[in-house]
1. Those residues that are assigned to a helix (DSSP H, G or I) and either open to solvent by less than 30 Å² (accessible area, probe 1.4 Å) or hydroxyl-bearing (Ser, Thr, Tyr) (or both), I need them from the range 264-275; list them, please.
2. Can you list residue pairs whose Cβ atoms sit under 6 Å apart, with the first residue in the range 100-124 being open to solvent by less than 10 Å² (accessible area, probe 1.4 Å) and the second being part of a loop (DSSP other than H, G, I, E, B) and at pLDDT 90 or above? Count only pairs 6 or more apart in sequence or on different chains.
3. If you scan the range 497-512, which residues turn out to be open to solvent by 50 Å² or more (accessible area, probe 1.4 Å), hydrophobic (A, V, I, L, M, F, W, C) and more than 45 Å from the chain's Cα centre (by Cα)?
4. Considering only the range 180-217, how many residues are buried (at least 19 other Cβ atoms within 10 Å of the Cβ), of a type outside the set (Phe, Trp, Tyr), more than 17 Å from residue 296 (Cβ to Cβ) and at pLDDT 85 or above?
5. Any residue at all in the range 394-411 that is modelled with pLDDT of 90 or more, in a helix (DSSP H, G or I) and either β-branched (Val, Ile, Thr) or more than 20 Å from the chain's Cα centre (by Cα) (or both)?
6. Here's a check for you: in the range 74-94, which residue that is without any contact (Cβ under 8 Å) to a residue 24 or more places away in the chain and of a type outside the set (A, V, I, L, M) is most open to solvent (accessible area, probe 1.4 Å)?
7. Return a yes/no flag: does the range 533-541 have any residue that is of a type in the set (Lys, Arg), under 16 Å from residue 468 (Cα atoms) and either assigned to a helix (DSSP H, G or I) or touching a Pro at 6+ places or on another chain (Cβ under 7 Å) (or both).
8. Can you tell me which residues in the range 348-362 are in a helix (DSSP H, G or I) and within 13 Å of residue 306 (Cβ to Cβ)?
Amino acid sequence: MAQGTGKGETAKVFRLKPVWWGIINVILAFFILVFEPGSIADAVDDYSYAVFSKTVGGPLYSADSMDDIGVILLDDESLAGLKSSWPAVYGLHAEVLRKLLTAKPKAVFIDFTFRDRRAAPPAGTDPREWLPELYVRDDSLTMLVNTLQMYQMMGIPVYLQAGALNFYQNHAVLSELAPYVTLVSGWGDTRGQADIRALSYPLFPELRKAGDAGRQSEENSLPLCDDAGTRRTGDGNLRGCDVAGIVAAAPTIYQYLCSGNERAESLKRGWKCDAGLIMPAKNDKKEWLAWRNSVADRPMWLVWPDKQADYTDWTKAYDQAGNAIPPYECSSQDSDKNAFARSMRNLLALFGITEQPDVKCAPFHTISAEQVFRETPNAGRWVDNFQDRIVIYGQNLQGFQDIVRPPTIDTDIPGVFVHAMALENLLSNGERYLSDRSTVSGWLTADVIEILTLTLILCLRFGLAYVARQSFPPMHDQTLVAEKECGPCEYIWCIITRNVSAVTSMILFVPSLPEVVCVWWHSRSLETHWSAGLKPESRKLVRNWFMFLICLIDLIISVAVVSLGAIVLELWVLAIAPVNWMAVIGLGMLSYIPFIRSLFSDDAIGQENPSGQAN
């Protein structure tokens, strides 16, 4: 703001001190964070984390437990090769599981929802049970039950997706299978929580009965659904227990691997078995729900590596004609093994400077259901590679929207891999899986880190501006000035020409900079400012170059603070998902215009022209 008391007086410019610009920006940023709509904040966080994972997070994550998990997919080719159709009969699942049983896996998770018996109800069926009148007849359920009994006798745990419960269904199949499996919830069972980008994983999906909300208060008095009790009683009726006791697949399998007799062996394999993730006994419902709430306070964000499954060490399989049978088609492996180099390349690819290799398949070893049956005398079976692994059996069928596209993979993959990645994150990180809350303290969240990081950047920025102005005070320009009203086009043209002229003058002044450095070196001990001996025009150009250097220093400091905050502090120290770095950059840019103005502006701008003519 310019003000003068009369002709011939200096036109003073009133502007806020840099420290007040910093305070205003902190208050403005805090106001935006508090009152920003959740839909916008969530979208920014998701996109920010997705970009971070694709560029930096993926290369930095080693996924140490990746090779401990295998996946079997029932796809369209498998249905054709096994001369079957959809829905697959229970007997087909039984045959796949029996072939897998010979490989002696560590544990098995069946990511299929078995809803109906597909046959006439047996004698003594609960009269409340809803039964379909039209169905595809399937009499092979007994074969699946017998297969699960075989797993139980061999001490290999089997986990089965319970699916979302509907008020009109009693899940009759589960009542027969439940004594031999542990029921878990799927990653998309909670309506509205399915994440197509596979950035997060609900540890405790709410398996409430649709249209039966009135029973929720009644369920508070019911015992928790417990597979131990189901095995003891042989009753799989889920209406007799509180489904809050059914947990997602990844933490349930983690519970088995990291407790009891399995714990010692799991620790030898390098898995992180933390006591805080081990469930208490479900017979004490109050204690169990308190544990669930404490774990649920740290919702899980998934970390996906940027590498894909490597089948180099696998024994080749052949068809009857002697042709080699490839596993799931994958692009060539990334030849660059250095994580830092891959991160730099990915950042350059983000701005279109270079190209990033495509990742065309998931990071877990995968075979199809048909390949489970392939066996040759000289090559063995691919399924034998799954010995002592956790195996997840799911589907990849056209027309089913159970697909995701993680940020580090350049194609759609079946949703079954979300369970695999969540389990890998737990085995590799334990309680230090990524979340929006720190493992150190519950109040230390991603939003708090965002405010602290932004405050630090603003303090450093305007502190740097204050030091710069004290080190190189502005020159009082005595040029006569006059006000002139103009249109927007003329104003924009004036701004462009003035800035282009200033930049051109700075570039032309570059050959004189060594001489200026010599003047500064020999004038350091003088009482007056070392630039006092320079010509006014030269002094102004030297000051512009000095302030330009300050801008570069600010850029380096800001990038360092955001990078160290996202990678070192959040990712490695606090186990917080870096979901806020783009918001920090965006809010930080609000202060950049006043920062630049505080650097390049003068405190006084001459005098008014008595004649009223523009110079």
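1. Residue satisfying the conditions is 266 alone.
2. So the pair list comes out as 103/387; 105/389; 107/157.
3. The answer is 508, 510.
4. 5
5. no
6. Within the range 74-94, the match that is most open to solvent (accessible area, probe 1.4 Å) is 83.
7. yes
8. Answer for the range 348-362, where residues must be in a helix (DSSP H, G or I) and within 13 Å of residue 306 (Cβ to Cβ): just 349.
The values are calculated or read from the model by the stated rules, or taken from the named source; none is laboratory data. What you see is a predicted model; the values in this text were computed from it and never measured. Here Cβ is always computed from backbone atoms with ideal geometry, including for glycine, and neighbour counts include all displayed protein chains. Ligands, DNA and RNA are excluded from the accessible area calculation, which covers all protein heavy atoms including side chains. Shrake-Rupley method; radii C 1.70, N 1.55, O 1.52, S 1.80 Å.
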